[in-house]
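> Structure below; questions to follow.
No value in this document is a laboratory result; all are computed from the given coordinates. This structure is a prediction, so every number in the text was calculated from the model and none was measured. Please note: Cβ atoms are built from the backbone with ideal geometry, for glycine as well, and neighbour counts cover all protein chains shown.
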C-alpha cells in the first residue's frame, strides 16, 4: 500500500513539475488512471480469493474449537463422576483419626488387662460377723 502511494506521488510530481518535453502523462493523468484500473482489476479477484480462504480457515477453526469444547466438557463430566465416586469410597474407608482413636482404645484396654488385679477388699462390717470367704481351687 505504501509502495503504491509512493509510486503515484512520484508519477504526479514528475508529470507536473518536470519540464514539458519530459512529461509523458499530461495533467488529467489518463495513463496513470489506466494503470491503476488495471491493477485493481487483477487485485480484486485475489482479494476475494483470500477472503474465501480466510472464511474456510475460520470455519475449520470454529469446528475444531467446538470439537475441543465438547471433548473438554466430556472430560470434565468424567472427572466429576470419578470425584464423586472417590468421595463415596473415602466415606467407607477408615481415616487416620479413626484408626488412631481405635488403637488408643485398644491400648487402654490392653493396659487394663495387663495390670495385676487386686482382690476386692472386705469392709469392716463383713469381718466382724465372722464369715470367711474361701476360694475354691480346682485340684
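> Suppose R0 equals 22 Å. What FRET efficiency, 1/(1 + (r/R0)^6) with r the Cβ-Cβ distance, do residue 64 and residue 84 give to the nearest 0.05?
E(calc), rounded to 0.05, equals 0.10.
> Right, next: Given R₀ = 25 Å, what would the calculated FRET efficiency be for residue 77 paired with residue 57, taking r from the Cβ atoms and rounding to 0.05?
Between residue 77 and residue 57 the formula returns 0.25.
> For a footprinting-style exposure proxy, rank 8, 60, 93 by other Cβ within 10 Å, fewest first.
Exposure proxy ranking, most exposed first: 93, 60, 8.
> Also: I need the shape label for segment 38-123. Rule: rounded when a/c is under 1.5, else prolate if a/b > b/c, else oblate, with a, b, c from the alpha carbon gyration tensor.
Taking the square roots of the gyration eigenvalues as a ≥ b ≥ c, segment 38-123 is prolate.
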